[in-house]
Amino acid sequence: MGQKDNSGYPDGQVDALEVVHEKRDARKFPSAEVAARAPRHYPRWEFPLMRTLLKRLTLGTTAALALVVLSPATSAFAITSPACGNRTDFLKLDVSVGGGLGYSKCFASAGVTAVNIGGVYRFSSGNNKVMVNWEDGGRYYTETLDRNWGRSLPDVRVCEVRIW
């Protein structure tokens with residue numbers, strides 16, 4: 001009998017499956033010159049197109065976030081509540097706290113804001129066109145006033161003020 005080689009077959013016989021594996025390995029590990037000419041095989045996460053798309057997506061998201069953060073405040077946030085003092089050019093709510101006592105709450109700058117101020121018995125527009133939403137006895141009302149107008153009310157709860 002002949003000698004056995006590493007294939008396990010006598011006399012150097014080769015298994016057909018072993019030949020297939022050798023051909024597969026030759027395709028997988030080509031010579032250096034063949035490998036230089038062949039296109040690179042990228043792992044799934046490393047495709048150049050995916051990198052470009054990921055960069056664009058990141059850049060677009062960053063730009064959108066920067067616009068949101070750095071943009072000027074919208075009118076919903078621009079309204080302010082300064083001290084009234086003796087000024088008459090602000091939207092002014094006169095509030096009664098009972099016993100003949102009260103205070104004034106003023107609003108300035110264009111915008112809209114939700115408030116919850118009870119006991120309002122008068123409001124005046126000052127140098128603004130304004131809209132005041134209030135609640136009285138479970139019903140809601142809206143009043144729009146041009147500049148330098150006022151309105152007296154029974155004690156109501158003001159829900160929202162808007163200044164144009």
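The values are calculated or read from the model by the stated rules, or taken from the named source; none is laboratory data. Note that this is a predicted model, so its numbers are computed, not measured. Positions of Cβ are backbone-derived with ideal geometry, glycine not excepted, and every protein chain shown enters the neighbour counts. To get the accessible areas, we keep the full protein, side chains included, count just its heavy atoms, and leave off ligands, DNA and RNA. Shrake-Rupley method; radii C 1.70, N 1.55, O 1.52, S 1.80 Å.
Numbers for the structure displayed
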{"item": "Cβ-based net charge around PRO82, under 12 Å, with every Lys or Arg adding one and every Asp or Glu removing one", "result": "+2"}
{"item": "Spherically averaged projected area of segment 78-164 from its Cα convex hull (nm²)", "result": "5.2"}
{"item": "In Å², nearest 10: area of THR52 left accessible to a 1.4 Å probe", "result": "60"}
{"item": "Label-point gap, in nm, between LEU54 and VAL97 - each point 7 angstrom along Cα→Cβ", "result": "6.1"}
{"item": "Heavy atoms of ARG139: accessible area, 1.4 Å probe, square angstrom to 10", "result": "150"}
{"item": "Positive minus negative residues near TRP134 (Lys, Arg vs Asp, Glu; Cβ under 11 Å)", "result": "-2"}
{"item": "Neighbourhood net charge (12 Å Cβ-Cβ; Lys/Arg +1, Asp/Glu -1) for TRP149", "result": "+3"}
{"item": "Residues of segment 105-136 with amide N under 13 Å of the 7 Å Cα→Cβ point at ARG157", "result": "115-120, 134-136"}
{"item": "Per-residue SASA entry for ILE79, accessible area with 1.4 Å probe, Å² rounded to 10", "result": "20"}
{"item": "Förster radius 25 Å - calculated FRET efficiency between ARG87 and ASN116, Cβ distance, rounded to 0.05", "result": "0.60"}
